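Participant: Quick one: the structure is below, questions incoming.
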Amino acid sequence: MIIALFAGLFVAMQAGKLGPAIPVLRDDLGLSLVDAGYALSIFTLLAIFLAVPLGAFSTFFGRRSIVVLGIGAAMVGTLGSTVVTQPWAFLVLRALEGFGFIAIAVNIPAFITHFAAPKDRTRALGIWSIYMPTGMAIALVMSTPFLTQIGWRGLWLGMFIVALPLLIGLWWALEEPATQQERQPRVVAAMVWRSYRALGLLMVGACFGVYAFQWVTIMQWLPSFLNEDVGLTLEHAIYFTAAVVFMNGPGCYVGAALAGRGMKSSTLIIIGAVTMAALTFAVFGAGVPPMVRLMLCMLYSFIGGFIPANLFLLVPQYAPDLRYVSIGNGILMQGSAIGQTLGAPVVAALVSQHSGDWSVAIWPMLAMSAFVLLLGYFGFRKSNL
């Protein structure tokens, strides 16, 4: 479990390390604003198209092979980036890091589902669910001082060195369950088709998508708000944002722990949706003192963590059998990537049409919370989960 969590933290750090480094990268490599946008969004764009295929490939080639290939790809992308001088080369290597991120995120939960004893599965998946916010928060906190001291190339090289024992550990620790592989391409294709026809898996993917729409929008808005409205330096704004991101991790763990103590996942998802809806008024509304708003953002992130944690728990419940878990996680990740891709641009466009008035962001955010609430009540609750 420990090596699996470290793998998740490593790839989440790959996702989170880039944002603070963008100004330095633009100066050093001559990245345009468009290039920087591609570099920031490439993980989610790849996830939309590769998450489900990588889940299917792992069924054919073996999850262990895909996980090790993923870590290897991320390492090549990270090390290669330290010697490039052209924007196009950096983007290609960033795509390799994205491939590694998807390979890990899709397949590690399937290993956990298979090897954890049924009584321990909820706790194990709950621990896994903290990987993304925790890894991103670590990257945000580390990036600013490291960028100042050793530069972005030094930071990238450090992450490559950290990954070496991780690669060895994954190769040594992961054991491929023989019953989980399917060597016939037609059967694998049929499994993908059957997964997309499974209403429960589609509901899980859609729920993660609308949750990601909300959470990522707030995390991307927060540094600008803290810098421009509160008057913090950009460095301090990043640290406060990292604290808000980090709070999602304990929220994920608590949400899974409550499920392990007998609360239904549907109930916890509904609690998350209602809380996020209520706090949306305080986060984006007028007249709320800045530091109170920041504290409410932390609460928003914490309670919101109940949702992704329980969606991870629902994938094995809705999968036809354990062979389908990687594909189901691919659908989950695909939904998340679509939500992340749409969230910030949609809200930013709406705010721009209203002369920068962020209070109008309340309405799309409330619509997303309502969608999660409806899925929780009429979808997951009807499945008695």
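Participant: Pairs needed: first member in the range 5-20, among the polar types (S, T, N, Q); second member anywhere, surrounded by fewer than 20 Cβ atoms within 10 Å (Cβ to Cβ) and outside any helix (DSSP H, G or I); C-beta distance under 6 Å; at least 6 residues apart or different chains.
Facilitator: Pairs that qualify, where the first residue is among the polar types (S, T, N, Q) and the partner is surrounded by fewer than 20 Cβ atoms within 10 Å (Cβ to Cβ) and outside any helix (DSSP H, G or I): there are none.
Participant: For the range 307-323, which positions are open to solvent by 10 Å² or more (accessible area, probe 1.4 Å) and assigned to a helix (DSSP H, G or I)?
Facilitator: Within the range 307-323, Phe312, Leu313, Pro316, Gln317, Tyr318, Leu322, Arg323 meet the criteria.
Participant: Please report, ordered by residue number, the helices (runs of 4 or more DSSP H) entirely within the range 107-196 with at least 3 residues that are over 20 Å from Gly255 (Cα atoms).
Facilitator: 131-149, 151-173
Participant: I'm checking my understanding of the structure. Among residues of the range 254-306 that are open to solvent by 30 Å² or more (accessible area, probe 1.4 Å) and small (Gly, Ala, Ser), which one is modelled with the lowest pLDDT?
Facilitator: In this case the residue turns out to be Ala286.
Participant: Kindly provide the set of residues from the range 31-56 that are open to solvent by 50 Å² or more (accessible area, probe 1.4 Å) and either in contact (Cβ under 8 Å) with a residue 12 or more places away in the chain or in contact with a Pro (Cβ under 8 Å, 6 or more places away or on another chain) (or both), ordered by number.
Facilitator: Across the range 31-56, the qualifying residues are Tyr38, Leu40, Leu45, Leu50.
Condition check ((1) under 15 Å from Ser129 (Cα atoms); (2) in contact with a Lys or Arg (Cβ under 9 Å, 6 or more places away or on another chain); (3) of a type in the set (S, T, N, Q)) across all residues:
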residue	(1), (2), (3)
Met247	yes, no, no
Ala257	yes, yes, no
Ala273	no, no, no
Val283	no, yes, no
Pro290	no, no, no
Leu296	no, no, no
Leu299	no, no, no
Gly335	no, no, no
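Participant: Output the number of residues of the range 1-25 satisfying the condition of being over 24 Å from Trp171 (Cβ atoms) and surrounded by fewer than 16 Cβ atoms within 10 Å (Cβ to Cβ).
Facilitator: Going through the range 1-25 one residue at a time, the tally reaches 1.
Participant: OK, next. Scan the range 226-246 residue by residue and report those that are open to solvent by less than 90 Å² (accessible area, probe 1.4 Å), in contact (Cβ under 8 Å) with a residue 60 or more places away in the chain, part of a helix (DSSP H, G or I) and under 19 Å from Leu299 (Cβ atoms).
Facilitator: Leu226, Tyr239, Thr241, Ala242, Ala243, Val245
Participant: May I ask you to list the residues in the range 349-385 that are buried (at least 21 other Cβ atoms within 10 Å of the Cβ) and among the β-branched types (Val, Ile, Thr)?
Facilitator: Hit for the range 349-385 is Val372, nothing else.
Participant: Do any residues in the range 123-149 that are touching a residue at least 40 places away in the same chain (Cβ under 8 Å) and open to solvent by 50 Å² or more (accessible area, probe 1.4 Å) have Cβ atoms under 8 Å from those of residues that are part of a helix (DSSP H, G or I) and hydroxyl-bearing (Ser, Thr, Tyr), where the two are at least six apart or on different chains, and which pairs are they?
Facilitator: Sorted first by the residue in the range 123-149, then by its partner, the pairs are Val141/Tyr239.
Participant: Which of the residues spanning the range 327-348 are modelled with pLDDT of 80 or more and open to solvent by 40 Å² or more (accessible area, probe 1.4 Å)?
Facilitator: Result: Ile338, Gln340, Thr341, Leu342, Val346.
The values are calculated or read from the model by the stated rules, or taken from the named source; none is laboratory data. Values in this document were obtained by computation on a predicted structure and should not be read as measured data. A quick note on method: Cβ atoms are made from the backbone with ideal geometry, for glycine too, and the neighbour counts reach across all protein chains shown. Accessible surface areas use protein heavy atoms only, side chains included; no ligands, DNA or RNA. Shrake-Rupley method; radii C 1.70, N 1.55, O 1.52, S 1.80 Å.
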